[in-house]
Amino acid sequence: MSIFRKLAWFFKEEKKHYIIGVTALIIVAIVQLVPPKVIGIIIDKIAQDQMNLHSMLAWIGVLVLSAVAQYVFRFVWRVNIWGSAARLERSLRRQLYHHFTQMDHLFYQRHRTGDLMAHATNDLSAIQNVAGAGILTFADSIITGGMTILAMVLFVDWRLTLIALIPLPLLAVASRVLGSKLHDAFRESQEAFSAINDKAQESITGIKVIKTFGQEKEDIAEFSEKVSQSIKKNRRTNFLEALFDPVITLIIGLAYVATILVGGQFIMNGQITIGQLVTFVSYIGMLVWPMFAIGRLFNVLERGNASYDRVTQILKEKTHIVEPYNARKQLAKGVLSVAIDHFSYDEKTKDTLTDIHFNLKEGEVLGIVGKTGAGKTTLLKLLMRQYDYYQGTILYDGESIKNYTLDALLLSIGYVPQDHFLFSMSVGDNIRFTNPQLTQTEIEDAAKFAAIHEDILGFPEQYDTLVGERGVSLSGGQKQRLSIARALIMAPELLILDDALSAVDAKTEEMILSNLKERRQQQSTIIAAHRLSSVMHADEILVLEEGKIVERGTHEELLENQGWYAKMWEKQQLEAKIEGGER
């Protein structure tokens, strides 16, 4: 029953609807006591030869009115109780989704996508059942069961009632034992379902890689193993669930046997009539639902309790990126000053960045180059406040980026990542993603800036062409340029290109860089790249190695130094000549 305490906040919000719903349940419980009593009266009158047509029609009228009243009030409780349950699911779904959007990168490193999907689907459905089926079975089992037992005492015989109820304590014992086992079993089955979700999502996303390396059979085998584990866990859950109904049936059967044996003796002794025994047996039949409801109640509550614990555990997690109370809401702009002394992703690893110092003025271009794993992307992540636990400062116009609201900081930054993510919408909608109100002219202007406009005109529906999931219908270069257009259309104070020109040819690269130089003279740009031609025109170039700046200067200065940059430049120029000769 602890799940009811955990959901007390919601029951207070929906108090009015639950009061109406439970009141309707009480009325239904009272009204449905009428038909068995009427049937018993009719049987006794027929046995005593006191029934006539007028009396029969009157009693039939009572039965019809009873049926209509049950229909009306059942409709009332369904609307209020099931409606409230739907509002709980909506509330939790919004909370969970909002929580996902507020969490940092560390959160998504700890939790698998499939697991988070399971929280947002199966777990929320199980919690909704508590507020719907759980409240119904809890209230209905107590109300209907209590009313029925009271009617058995008042309308028939209290001694017969006690004898019929003797087996019922066995139900409480069985429910307690099975309920605790079911809680653990359901948690395990939900975790197994999460594993299947995660595997399916990962395999579908990486299907091209799987097929390229011919790993279909191995991937199917791994998925089948996870399905088998889930079936095994669910089989145990279903086994425990299935034990409830036979136990209840056995208990009700014992009650029927006791009633027939003792009730027959009472009739022979003249203590009750045949009609009363028929009424009593009907009331025992009405106790079947409350008994089953108790079994289902424990099932629903244990499932809901396990799911609520899983969801609340996620909701309790906090992001380490926290906005101060008086954070600046003005868009960040001005000189970017970076002084990072040390940064590592966790305490167990060595520093990823060490002694990174530079200034970037408005209108300047900063190039960042280095080997794979040198720390280029990590540095860019710090600039966008994806991690805050570094030693040092990052200032915008003399103010720490930690003192800005996230909106004020991130809306001033246009970011094109290495992994280009496009949404399953049209080309135009992907470009205008940050502002759906942008005009077609503005979209086309950004596309021309990113040198993708001509490609788009060749698509079947041009700017209305659907790109498919993650831009599956586009080439790597087209996805890169669409991502650049999406960032440029914001007219950001700082544009960050993280190896964003790697999939385009040299001519297109030169066109995009020329556009950047011409149209962003008042705004800053950071270009991280492996291809040195992307940064050769930068005002300053930083060469990173193992998280440290080992060289810095303009393109010409770095060539004169004869260091890593000069050697890499010579190598890439030679490769370009060889490729040009092969063509």
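Read-outs throughout are calculated quantities, based only on the coordinates presented, and are distinct from any laboratory measurement. Model, not experiment: these values are computed from the prediction. Note: ideal-geometry Cβ built from the backbone for every residue, glycine included; neighbour counts use all protein chains shown.
Taking the alpha-carbon distance from Lys37 and a cut-off under 23 Å, which lysines remain once sequence neighbours fewer than 8 residues away in the same chain are dropped?
Qualifying lysines at Cα under 23 Å: Lys45.
Take the chain, drop everything but the C-alpha atoms, weight them equally and run the Debye formula without solvent; then report log10 I(q)/I(0) at 0.08, 0.10 Å⁻¹ to two decimals.
Values, matching the q order: -0.76, -0.98.
Report, in degrees rounded to the nearest 10, the 0 to 90 angle that the Cα long axis of helix 216-268 makes with the longest principal axis of the chain.
Compared with the principal axis, the helix lies near 20 degrees.
Based solely on its DSSP helices, what 222 nm [θ] is calculated for the chain when runs of n ≥ 4 H residues each add -39,500 (n - 2.57) and the sum is averaged over all residues, nearest 500 deg cm²/dmol?
Calculated from helices alone, the mean residue ellipticity at 222 nm is -20500 deg cm²/dmol.
When ranked by the protection proxy of mean other Cβ atoms within 10 Å per residue, highest first, what sequence do the peptides 516-523, 429-436, 534-541, 495-502 form? Please report the intermediate quantities before stating the final value.
Working: 516-523: 14.5, 429-436: 17.0, 534-541: 20.2, 495-502: 22.9.
Taking the mean over residues of other Cβ atoms within 10 Å, the ranking is 495-502, 534-541, 429-436, 516-523.
Evaluate the relative contact order of the chain (contact order divided by residue number), counting alpha-carbon pairs under 8 angstrom at least 6 apart; express in whole percent. It would help to have the intermediate numbers written out before the result.
Working: 813 pairs, mean separation 83.0, N = 583.
For the chain, the relative contact order is 14 percent.
Among 123-136, 17-30, how do they line up from the highest to the lowest mean number of other beta-carbon atoms within 10 Å?
123-136, 17-30
Placing unit charges on C-beta atoms (Lys and Arg positive, Asp and Glu negative, everything else neutral), compute the dipole magnitude of segment 297-414 about its Cα centre in debye, rounded to 20.
In total the dipole reaches around 240 debye.
Enter the angle in degrees (range 0 to 90, nearest 10) between the Cα long axis of helix 476-488 and the first principal axis of the Cα atoms of the chain, meaning the one along which they spread out most.
The two axes meet at around 90 degrees.
So which aspartates and glutamates pass the test for Lys316, namely a Cα distance under 19 Å, with those fewer than 8 places away in the same chain ruled out?
Reachable aspartates and glutamates: Glu89, Asp104, Asp115, Asp123, Glu191.
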